[in-house]
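First comes the structure, then the notes that go with it.
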Amino acid sequence: MASSSLFRCFLHFFFFFFIISQVQAANLPFHPRDVLPLLPRQVSWPVLNSLNSPADLLPSFVGSVSSSNRIVDWKGACFYENTAWVEFHNKTGSEFGGGTLHIKVSYPHSWTCMDLYVFATPYRVTWDYYFLSREHTLEIKEWQDKAEYEYVKNKGISIFLMQAGMLGTLQALWDVFPLFTNTGWGENSNIGFLEKHMGATFEERPQPWFTNISIDDIHSGDFLAISKIRGRWGGFETLEKWVSGAYAGHSAVCLKDSEGKLWIGESGHENEKGEDIIAIVPWDEWWDFELNKDDSNPHIAYLPLHPDVRANFNETAAWEYALSMAGKPYGYHNMIFSWIDTIGGNYPPPLDAHLVASVMTVWSKIQPEYAANMWNEALNKRLGTQGLNLSDILVETEKRGSSFDELLTIPEQDNWIYSDGKSTSCIAFVLELYKEAGLFDPIADSIQVTEFTIKDAYSLKFFENDSSRLPKWCNDADNVKLPYCQIKGKYRMELPGYNSMDPYAHMNERCPSMPPKYFRPQNC
């Protein structure tokens with residue numbers, strides 16, 4: 001009884017301040033959000049879940065302070081009036097000296113809130129939080145070298161605000177953690193994120209949640225769209241779907257050999273060493289894994305090619321390409337560049353090019369080999385340089401009168417050769433195979449498939465458009481007949497824009513992709 005009474009007291013306490021805050025939040029000594037973590041979990045977490053989301057983990061760029069841009073001002077999550085400026089000095093007597101970043105914060109919305117900031121140059125990343133209304137300072141004793149001194153002098157120190165505030169950020173961390181857990185909690189978190197941020201729906205299908213497939217109906221070139229919703233890959237795919245607008249996070253392609261045996265070509269197949277590689281796997285082995293061993297709860301749709309497209313599919317050329325790529329590493333080099341096509345039209349708020357550069361800077365310091373594999377080589381390709389690290393790349397870009405956000409938009413070229421060979425992500429591998437098989441003729445030379453997302457792929461007008469020609473086992477247990485065949489999954493897969501776009505020259509090289517509608521202009 002005592003605990004029940006205490007719980008009711010907490011409820012009354014919370015709702016009292018919550019109601020008052022709607023009328024006079026600015027005059028309260030604290031904000032309801034600031035005290036939520038003190039309340040029972042049954043009260044606090046549902047409310048916090050309605051206020052914050054994993055997207056709140058992303059800091060928002062508020063400005064850069066330099067010699068030329070002397071003062072920056074903005075509204076914070078806690079403090080409504082903020083200004084910053086940088087002072088250069090040489091207190092240590094070093095060759096290039098150091099500096100002091102001044103941050104003046106005032107007019108908090110409550111007495112208990114605080115603002116959390118990240119400060120970055122191409123050479124360092126640090127953070128601080130502010131609780132009191134006054135001028136704060138961040139000391140940088142020495143610039144790393146002349147390059148950092150010149151960069152800060154001309155381009156400045158970038159300032160990022162954790163827009164959810166300290167407690168909101170902690171809540172967002174709590175929210176994003178389950179996206180990557182292999183639990184029912186994690187699966188529900190991924191579903192909730194996609195429903196909230198993309199408008200996706202998850203309608204349950206009647207059982208059984210898999211199809212008895214006749215491989216006689218499957219042909220070379222048929223496409224497999226795969227969506228994973230729990231575990232490590234489930235969390236990664238959720239974020240990938242959000243930024244790209246794709247309703248699937250992985251893909252593979254069907255291939256039949258001369259004896260009629262069915263194989264699956266896949267970039268991102270895990271080998272016995274735990275490495276993600278390009279592999280050609282027998283269908284029985286692949287399907288058994290997806291049915292019985294893949295703990296990411298994969299949902300799989302089979303997209304057969306249209307008969308006219310299949311008639312133009314050069315099976316010999318497709319096999320030659322697939323075998324030439326077998327065993328090569330997954331295409332990490334070009335993975336992020338298929339998503340970024342424009343300076344500002346591909347970043348769901350609060351993402352932007354400044355944040356991308358800062359994340360790259362952090363990873364370059366923590367895991368330089370990983371950073372080199374993920375983006376350094378690709379950025380060097382875009383500059384026509386070799387061996388530059390991220391700091392050098394940023395400086396070189398500025399020297400050329402360009403900017404980092406412009407550099408990111410330069411289209412990936414299918415013929416670029418990286419240190420470990422040609423690089424193809426899961427979808428680039430499938431579409432390069434299509435390209436080799438002749439499906440993009442006669443404009444293949446003007447198509448860079450490494451610029452395609454998974455959504456771009458299933459939107460191609462390559463697939464069956466007559467439901468009467470779909471295999472008899474296609475969606476046979478479902479009362480909703482999709483235009484493609486879902487062969488596994490508890491929830492019905494949706495592929496907005498499916499089979500709707502004819503290929504055109506320089507396709508997907510300049511296309512925005514902003515959630516939740518992911519509007520695409522005709523001339524992109």
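The values are calculated or read from the model by the stated rules, or taken from the named source; none is laboratory data. Treat the numbers as computed from the prediction; the structure is a model and nothing was measured. Backbone-built Cβ (ideal geometry, glycine too); neighbour counts: all protein chains shown. When the accessible area is computed, the model is the full protein with side chains, heavy atoms only, and any ligands, DNA or RNA have been set aside. Shrake-Rupley method; radii C 1.70, N 1.55, O 1.52, S 1.80 Å.
If the requirement is being of a type in the set (Lys, Arg) and either within 30 Å of Lys517 (Cα to Cα) or touching a His at 6+ places or on another chain (Cβ under 7 Å) (or both), which of these qualifies: Lys422, Lys455? Criteria check complete, one pass: Lys455. Tell me whether the range 385-408 contains one or more residues that are free of Cβ contacts under 8 Å to residues at least 60 places away in the same chain and touching a Pro at 6+ places or on another chain (Cβ under 8 Å). So far as the range 385-408 goes, yes, one or more of its residues are free of Cβ contacts under 8 Å to residues at least 60 places away in the same chain and touching a Pro at 6+ places or on another chain (Cβ under 8 Å). Evaluation of Ile443 against the conditions (1) in contact (Cβ under 8 Å) with a residue 60 or more places away in the chain; (2) of a type in the set (A, V, I, L, M, F, W, C); (3) surrounded by fewer than 20 Cβ atoms within 10 Å (Cβ to Cβ); (4) farther than 30 Å from Ala311 by Cβ shows that the sole unmet condition is (4). When the strands (runs of 3 or more DSSP E) confined to the range 214-313 are screened for residues that are open to solvent by 20 Å² or more (accessible area, probe 1.4 Å) and at pLDDT below 95, those reaching at least 2 such residues are found at 262-270, 276-282.
It is to be established whether one or more residues within the range 283-297 are without any contact (Cβ under 8 Å) to a residue 12 or more places away in the chain, closer than 26 Å to Glu494 by Cα and hydrophobic (A, V, I, L, M, F, W, C). Yes, the range 283-297 contains at least one residue that is without any contact (Cβ under 8 Å) to a residue 12 or more places away in the chain, closer than 26 Å to Glu494 by Cα and hydrophobic (A, V, I, L, M, F, W, C). Of all residues in the range 418-440, those satisfying the criterion of being touching a residue at least 60 places away in the same chain (Cβ under 8 Å) and farther than 18 Å from His250 by Cα are Tyr418, Asp420, Gly421, Lys422, Glu436, Ala437, Gly438, Leu439, Phe440. For Glu369, are the conditions met, namely being at pLDDT below 95, open to solvent by 20 Å² or more (accessible area, probe 1.4 Å), touching a strand residue (DSSP E or B) at 6+ places or on another chain (Cβ under 8 Å) and among the acidic types (Asp, Glu)? So Glu369 does not fit the description; no. Listed conditions (1) open to solvent by 60 Å² or more (accessible area, probe 1.4 Å); (2) more than 22 Å from Thr342 (Cα to Cα); (3) not in a loop (DSSP other than H, G, I, E, B) are all met by Glu406, apart from (2). State whether the residues of the range 491-507 include one that is more than 30 Å from Thr409 (Cα to Cα), at pLDDT 95 or above and either in contact with a Cys (Cβ under 6 Å, 6 or more places away or on another chain) or open to solvent by 20 Å² or more (accessible area, probe 1.4 Å) (or both). Within the range 491-507, one or more residues are more than 30 Å from Thr409 (Cα to Cα), at pLDDT 95 or above and either in contact with a Cys (Cβ under 6 Å, 6 or more places away or on another chain) or open to solvent by 20 Å² or more (accessible area, probe 1.4 Å) (or both).
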